[in-house]
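Input: a single structure, listed below in structure tokens.
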Amino acid sequence: MTTADPATDDTPRIGLGIDVHRLERGLRCVLGGVELPGDLGPSGHSDGDAILHAVCDACLGAAGLDDLGTLFPDKDARNRGRDSREFCTETLSRVRGAGLRVAGLDVVVECERPKIAPHRAALRASLASLFAVEIARVNVKGKTAEGLDAIGRGEALRATAIALLVPAR
């Protein structure tokens, strides 16, 4: 198997990331690096930011690198309660180290609450800043599960992200 040289390979790369977290009362709701109002927040080993976890995994996958759980295992006490924006910094550094840059992000958040639409602008701006990409190339959408499964009952949320990476030239 040969490895493509980022210096000469113009092929765009696409990655997919998915993250699910249980919602619990009394926890802060931080999604996409933005604190959202409400009485429920995602529970997780780190801060539970499902959007950032999904976007990091999408970027790492597109770059052909290890996934977020391998880089920041939940068994490592240093990651307990950790701000997921730190994962983004490390992810972006690794993407750049592979000779790539983020050219686009598309995120779908499935949850009953918080409602995503009122926070889309803040979420897009946060992702654009964290991943060094133009805001026009970042999209965030909210969907509900129509009362079906744990997401539909308001017990959990899921973020799905697609990242487009291109050579950094």
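Considering G152, G61, the condition of being at pLDDT 95 or above and closer than 27 Å to D10 by Cβ is satisfied by G61 alone. Applying the set (1) without any contact (Cβ under 8 Å) to a residue 40 or more places away in the chain; (2) over 11 Å from the mean Cα position of the chain (by Cα) to A63 leaves exactly one unmet item: (1). Listed conditions (1) of a type in the set (A, V, I, L, M); (2) surrounded by fewer than 17 Cβ atoms within 10 Å (Cβ to Cβ); (3) at pLDDT 95 or above are all met by A77, apart from (3). A search for C-beta distances below 8 Å between a residue of region 138-164 that is charged (D, E, K, R) and assigned to a loop (DSSP other than H, G, I, E, B) and any residue that is surrounded by fewer than 16 Cβ atoms within 10 Å (Cβ to Cβ) and at pLDDT below 95, counting only pairs 6+ apart in sequence or on different chains, returns R153/G147.
For L27, the conditions (1) hydrophobic (A, V, I, L, M, F, W, C); (2) in a loop (DSSP other than H, G, I, E, B); (3) touching a helix residue (DSSP H, G or I) at 6+ places or on another chain (Cβ under 7 Å) all hold with the exception of (3). When region 126-137 is limited to residues that are touching a helix residue (DSSP H, G or I) at 6+ places or on another chain (Cβ under 7 Å) and outside any loop (DSSP other than H, G, I, E, B), the one that is surrounded by the most Cβ atoms within 10 Å (Cβ to Cβ) turns out to be L127.
Among the residues making up region 112-137, a single one is more than 14 Å from I51 (Cα to Cα), touching a residue at least 40 places away in the same chain (Cβ under 8 Å) and among the aliphatic types (A, V, I, L, M): A132.
Filtering region 157-169 to residues that are over 14 Å from the mean Cα position of the chain (by Cα) and surrounded by 21 or more Cβ atoms within 10 Å (Cβ to Cβ) leaves only L165. For I18, state whether it is at pLDDT 95 or above, under 19 Å from A159 (Cα atoms) and surrounded by fewer than 16 Cβ atoms within 10 Å (Cβ to Cβ). So I18 passes the test. Number of residues in region 113-144 that are of a type in the set (A, V, I, L, M) and out of contact with any strand residue (DSSP E or B) (no Cβ under 6 Å at 6 or more places or on another chain) equals 6.
The values are calculated or read from the model by the stated rules, or taken from the named source; none is laboratory data. Model, not experiment: these values are computed from the prediction. Glycine gets a Cβ as well: all are built from the backbone with ideal geometry, and neighbour counts include every protein chain shown.
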